[in-house]
Amino acid sequence: MVVLGVTGGIGSGKSLAAEFFRSQGAAVIDADEVAREVMGPGSPVLAAVVAQFGREILQADGSLDRRTLSRRVFGDLQAVATLNALTHPHIMAEIERRLCHLARDKATQVACVVAPLLLEAGGRRMVDRMVVLWAREEERVRRVIARDGLSEAEVRQRMAVQMSAEEQVREADWVVDTSEGAEAARRQLQRIWEEVAGRV
């Protein structure tokens, strides 16, 4: 089984890449989905985050209010580091557990780990090849404002705590430029898929 890491800054097109690879038959592990499960109501990870940041980050049903937590931590590099230290080890362990399950099953030829902080969280060691999604900064800002309803300042706060695009590109086996839209990006992803699929 070949394991692809798929990463890139906020608004770079990771969801598009995940959708493409899934359509080609790859097993996709989405770190954001894993995080929601690991931090579900009643989980030890959520309890640790609440102990650090306060009960106001919870919704009435006991689930995490992600927007409130984001507003608490972004803009404060120490708070972001604390949150990552509480959550990343558990998220990465669950991703690794799922990869091991897929490898034992032997039915999956290509697995993709899609994670915005894959490199920052030490995930390079668990993937064979790395795909980095890239787009011009102003385009990324525009996308996130449209998608999430954030202000430009909030988007840039989130960008500030991620590894720079230049650093990510240095770790890449392939770089996919999504600046020119979905179809151009899919053509680049198709070439990557053909190369990967030809090796398994």
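The values are calculated or read from the model by the stated rules, or taken from the named source; none is laboratory data. Computed from a predicted model, the values in this text were never measured in an experiment. Cβ sites come from the backbone with ideal geometry, for glycine too, and all protein chains shown count toward neighbours.
Scanning region 17-70 for residues that are charged (D, E, K, R), surrounded by 14 or more Cβ atoms within 10 Å (Cβ to Cβ) and more than 30 Å from His101 (Cβ to Cβ) turns up just one, Asp65. Highlighted here are the strands (runs of 3 or more DSSP E) found entirely within region 1-120 that include at least 1 residues which are touching a helix residue (DSSP H, G or I) at 6+ places or on another chain (Cβ under 7 Å) and polar (S, T, N, Q): 2-8.
Scanning region 126-160 for residues that are closer than 14 Å to Ser12 by Cα, over 16 Å from the mean Cα position of the chain (by Cα) and not in a helix (DSSP H, G or I) turns up just one, Arg136. Applying the criterion of being crowded, with 18+ Cβ neighbours inside 10 Å and in contact with a strand residue (DSSP E or B) (Cβ under 8 Å, 6 or more places away or on another chain) to the residues of region 71-101, the residue that is farthest from Ala48 (Cα to Cα) is Leu99.
Among the residues of region 136-187, the one identified as hydroxyl-bearing (Ser, Thr, Tyr) and buried (at least 18 other Cβ atoms within 10 Å of the Cβ) is Thr178. Would you be able to say whether some residue in region 167-174 is among the hydrophobic types (A, V, I, L, M, F, W, C), within 26 Å of Arg98 (Cβ to Cβ) and part of a strand (DSSP E or B)? Checked region 167-174: at least one residue is among the hydrophobic types (A, V, I, L, M, F, W, C), within 26 Å of Arg98 (Cβ to Cβ) and part of a strand (DSSP E or B). From the set of residues in region 102-113 that are surrounded by 12 or more Cβ atoms within 10 Å (Cβ to Cβ) and either modelled with pLDDT under 95 or out of contact with any Phe, Trp or Tyr (no Cβ under 8 Å at 6 or more places or on another chain) (or both), which is farthest from Ala47 (Cα to Cα)? Checked region 102-113; the qualifying residue farthest from Ala47 (Cα to Cα) is Gln109. Residues considered: Arg129, Arg98, Arg143. Of these, the only one that is at pLDDT 95 or above and within 24 Å of Thr68 (Cα to Cα) is Arg143. For the condition within 18 Å of the chain's Cα centre (by Cα), among the aromatic types (Phe, Trp, Tyr) and at pLDDT 95 or above, Trp193 does not qualify. Pairs meeting the criteria (first residue in region 181-197 and under 22 Å from Arg142 (Cα atoms) and touching a residue at least 60 places away in the same chain (Cβ under 8 Å), second residue hydrophobic (A, V, I, L, M, F, W, C) and assigned to a helix (DSSP H, G or I), beta carbons under 7 Å, at least 6 apart or on different chains) are Ala182/Leu16; Ala185/Leu16; Arg186/Phe20.
Results for (1) out of contact with any Asp or Glu (no Cβ under 8 Å at 6 or more places or on another chain); (2) in contact (Cβ under 8 Å) with a residue 40 or more places away in the chain; (3) within 30 Å of Ala160 (Cβ to Cβ), shown as yes or no for each residue.
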site: Arg97; (1), (2), (3): yes, no, no
site: Leu102; (1), (2), (3): yes, yes, no
site: Gln109; (1), (2), (3): yes, yes, no
site: Val114; (1), (2), (3): no, yes, yes
site: Gly123; (1), (2), (3): yes, yes, yes
site: Leu133; (1), (2), (3): yes, yes, yes
